[in-house]
Amino acid sequence: MNADHQKVTQYFARYHEAYLSSPRHARGEDLEALIEALALAPASRVLDAACGTGHTTVALAARGHIATGLDLTPEMLGAAEKLAASRHVSITWVLGDVHQLAWPDRSFDAVTCRRAAHHFHDLSLFISEAARVLKSGGRLGISDMTAPTNAIEGLNALERFRDDSHCAARTANEWAQVISPHGLDLLTLAVHGEPMTPEEWLSPVSPNSPEGQEALRFLKDPSFPQGILVNDQFIKYRIILVAVKR
């Protein structure tokens with residue numbers, strides 16, 4: 001396991017219970033927006049990459065899709081299994097790396113990835129792998145944090161204070177550029193902003209922890225880019241992206 005993977009597994013092993021119980025992960029507006037934008041045929045075969053504690057995977061299975069959840073962190077998958085059992089849905093769970101998908105070409109009707117791509121050390125490789133395992137006409141659905149162009153570097157610096165496994169959030173233009181070389185055509189590319197308190201953004205990291213205090217100081221510094229903190233509200237921007245394989 002490389003250093004990037006170790007940071008991811010350490011962070012999410014520490015906070016897996018918090019992500020399991022998080023209302024925003026379980027019922028956030030981006031979950032419904034992503035599934036609606038995918039517009040999948042009934043009983044589609046779907047791979048939920050970096051599934052975490054399984055909220056998206058379970059939502060897909062509850063709608064009748066044949067869902068597989070993949071994650072790098074054993075503790076997150078253990079929590080996902082508990083969630084699926086409590087919702088009485090059948091899901092295949094796989095421990096693995098999004099950069100090396102362990103399925104043959106053209107295995108899935110859709111690949112989803114919600115609130116996780118900013119952790120990937122090689123986003124282009126993940127997109128390439130997702131495209132490889134998609135059937136022709138299959139769909140890639142992404143929900144991930146983003147920010148206006150003038151604020152994206154500030155957001156990335158801020159996120160690394162909170163979580164050192166964060167690699168990079170991308171602007172909408174950057175997402176369009178990374179998708180295009182992999183035989184995928186964009187169908188949906190939309191950005192939504194959700195206001196919350198800085199402490200809500202920081203969760204599951206405690207505002208009283210050293211990393212929490214550093215992050216809040218950086219966020220409230222007058223030099224921090226405009227557009228993220230507005231009238232003492234943190235604006236969490238999320239991109240919803242759906243692309244189809246040619």
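The values are calculated or read from the model by the stated rules, or taken from the named source; none is laboratory data. Small disclaimer: the values here were computed from a predicted structure and weren't measured. Neighbour counts are summed over all protein chains in view; Cβ atoms, including those assigned to glycine, are modelled from backbone coordinates with ideal geometry.
Any idea which of (1) modelled with pLDDT of 95 or more; (2) surrounded by fewer than 21 Cβ atoms within 10 Å (Cβ to Cβ); (3) not in a strand (DSSP E or B) is the one residue 215 doesn't satisfy?
Of the numbered conditions (1) modelled with pLDDT of 95 or more; (2) surrounded by fewer than 21 Cβ atoms within 10 Å (Cβ to Cβ); (3) not in a strand (DSSP E or B), the odd one out for residue 215 is (2).
Being within 19 Å of the chain's Cα centre (by Cα) and touching a residue at least 24 places away in the same chain (Cβ under 8 Å) narrows it down to one residue among 155, 229, 219; which is it?
Exactly one of 155, 229, 219 is within 19 Å of the chain's Cα centre (by Cα) and touching a residue at least 24 places away in the same chain (Cβ under 8 Å), namely 155.
If residue 74 satisfies every condition in (1) in contact with a strand residue (DSSP E or B) (Cβ under 9 Å, 6 or more places away or on another chain); (2) closer than 24 Å to residue 164 by Cα; (3) free of Cβ contacts under 8 Å to residues at least 60 places away in the same chain; (4) surrounded by fewer than 19 Cβ atoms within 10 Å (Cβ to Cβ) but one, which is the exception?
Only one criterion in (1) in contact with a strand residue (DSSP E or B) (Cβ under 9 Å, 6 or more places away or on another chain); (2) closer than 24 Å to residue 164 by Cα; (3) free of Cβ contacts under 8 Å to residues at least 60 places away in the same chain; (4) surrounded by fewer than 19 Cβ atoms within 10 Å (Cβ to Cβ) is unmet by residue 74, namely (3).
For the stretch 81-106, give me each residue that is closer than 18 Å to residue 27 by Cβ, out of contact with any Leu (no Cβ under 8 Å at 6 or more places or on another chain) and surrounded by 16 or more Cβ atoms within 10 Å (Cβ to Cβ).
Correct list: 84, 89.
I'd like the residue in the stretch 199-216 that is of a type in the set (A, V, I, L, M) and under 20 Å from the mean Cα position of the chain (by Cα) and, out of all such residues, is farthest from residue 15 (Cα to Cα).
My answer is 202.
Could you list, in sequence order, all residues of the stretch 1-43 that are under 13 Å from residue 165 (Cβ atoms), of a type in the set (A, V, I, L, M, F, W, C) and surrounded by 12 or more Cβ atoms within 10 Å (Cβ to Cβ)?
Across the stretch 1-43, the qualifying residues are 8, 12, 13.
If you take the residues of the stretch 101-118 that are assigned to a loop (DSSP other than H, G, I, E, B) and among the aliphatic types (A, V, I, L, M), which of them is farthest from residue 136 (Cα to Cα)?
116
Could you tell me whether residue 121 is part of a loop (DSSP other than H, G, I, E, B), of a type outside the set (Lys, Arg), closer than 18 Å to residue 8 by Cα and in contact with a Cys (Cβ under 8 Å, 6 or more places away or on another chain)?
The answer is yes for residue 121.
Tell me which residues, restricted to the stretch 160-197, are acidic (Asp, Glu) and either assigned to a loop (DSSP other than H, G, I, E, B) or within 21 Å of residue 125 (Cβ to Cβ) (or both).
Once the filter is applied, which keeps residues that are acidic (Asp, Glu) and either assigned to a loop (DSSP other than H, G, I, E, B) or within 21 Å of residue 125 (Cβ to Cβ) (or both), the stretch 160-197 yields 163, 164, 174, 185.
Quick test for you: out of 98, 89, pick the one residue that is in a loop (DSSP other than H, G, I, E, B), more than 23 Å from residue 240 (Cα to Cα) and among the aliphatic types (A, V, I, L, M).
The match here is 89.
Name every residue in the stretch 174-198 that is closer than 19 Å to residue 30 by Cα, over 16 Å from the mean Cα position of the chain (by Cα) and exposed (fewer than 14 other Cβ atoms within 10 Å of the Cβ), in order of residue number.
If the condition is that a residue be closer than 19 Å to residue 30 by Cα, over 16 Å from the mean Cα position of the chain (by Cα) and exposed (fewer than 14 other Cβ atoms within 10 Å of the Cβ), then 195, 197 are the ones that fit.
Given the criteria in a strand (DSSP E or B), touching a helix residue (DSSP H, G or I) at 6+ places or on another chain (Cβ under 9 Å) and closer than 16 Å to residue 242 by Cα, does residue 137 qualify?
no
Are any residues in the stretch 108-131 of a type in the set (D, E, K, R) and either touching a Leu at 6+ places or on another chain (Cβ under 7 Å) or more than 18 Å from residue 164 (Cβ to Cβ) (or both), and if so, which ones?
Within the stretch 108-131, 109, 114, 129 qualify.
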